[in-house]
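The structure appears below as C-alpha cells.
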Amino acid sequence: MLMNAKSIIFVLAFTFLFAGCQESVFQSLKKTDDLFVYEGLPHPLRENPTFEKEKKRDDVMQIEDHWFYDTKAKATGNTRNQLMNLLFDESGFSSNVIPTDCGPFHPDYAIMWESDGVENYLMICYTCGEAKLYREDIAETYAINAYKMESLANLLAKFKANRPW
C-alpha cells in the first residue's frame, strides 16, 4: 500500500512538473493590448449560393485561405476584456479534436492580435465546434467545449455587420 502511494505521488509530481513547463498556445496574447475581429462569409457548402454572391463583393478578403469581410473591428472596453479572459482560460480548448461531418472547416469569426510583429488569428467555427490558431507558419486545431463556444458566440455576435442573415 505504501509503495503504491509513493508511485502515485511520483506520477502526480512528474505530471505537474511537465505541465508547468508547457507554454500556453495563447502566450502571445500577453504581448498585446489590441484584439480585432473579422466576420466570416456564409458557409461555402451549406449556404453556397449566398457564399458565392458575397465572395464577389469588393469588401472581402482571404486570411489563410478562408473568406472574411475586410472590416477589422477593434474589440474595446468590456467586450475586449471578456474576450481576453476567455482566450487566456484555455480550459475550454482541447487539442483532442474529434472528426466531424460538417464539411471543411469554415470560420464564422477570426480574432486577430499582433505580438512581436507577427499576426495571430484564432478562427472559430460554430458548426464544427472547432478553432484554428494560425501564427507564422503554424496552424493548430482545437475542439471548443459547449460553454466556451456559447460564451464566444455571445461576444462575437456584437461584431456581426455584413452577413446577410
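What follows draws every value from the coordinates through simple rules; no lab data is involved. Quick caveat: nothing in here was measured; it's all calculated off a predicted structure. Glycine gets a Cβ as well: all are built from the backbone with ideal geometry, and neighbour counts include every protein chain shown.
Observations
- Zone residues, segment 29-57, relative to THR100, backbone N less than 16 Å from point 7 Å out along Cα-to-Cβ: 40-47
- Extension gain, ASP58 back to ALA161 (0.36 nm per residue minus Cα-Cα distance, nm): 35.6 nm
- Electrostatic tally near ALA153: other residues with Cβ closer than 15 Å to its Cβ, Lys and Arg +1, Asp and Glu -1, net 0.
- Close amide H contacts of LEU35 (hydrogens built in the peptide plane, cut-off under 5 Å, sequence separation of 5 or more or a different chain): ALA75.
- Karplus 3J(HN,Hα) series, Hz, for segment 68-83 with 6.51 cos²θ - 1.76 cosθ + 1.60 (x for Gly, Pro): 9, 6, 7, 5, 9, 8, 7, 7, 10, x, 5, 4, 4, 4, 5, 4
- Taking a straight line from the alpha carbon of LYS158, these lysines sit under 24 Å away, with near neighbours fewer than eight places off in the same chain left out: LYS30, LYS53, LYS55, LYS72, LYS74, LYS132, LYS148.
- Alpha carbon centroid spacing (whole Å) that separates segment 62-78 from segment 121-148: 15 Å
- With a Förster radius of 25 Å applied to the C-beta separation of ASP116 and THR71, the computed FRET efficiency comes to 0.50.
- The equivalent ellipsoid that matches the C-alpha gyration tensor of segment 94-165 spans semi-axes of 19, 18, 12 angstrom, in descending order.
- Quotient of Cα Rg and 2.2 N^0.38 Å for segment 25-159, N being how many residues it contains: 1.01
- For segment 25-159, averaging the sequence separation of C-alpha pairs within contact (under 8 Å, six or more residues apart) and dividing by the residue count gives a relative contact order of 27 percent.
- Projecting the Cα atoms of CYS102, ASN81, PHE68 onto the dipole axis of segment 50-105, where Lys and Arg carry +1 and Asp and Glu carry -1 at the beta carbon, places ASN81 farthest toward the positive end.
- With K and R counted +1 and D and E -1, the other residues having a Cβ less than 12 Å from that of SER115 yield a net charge of -3.
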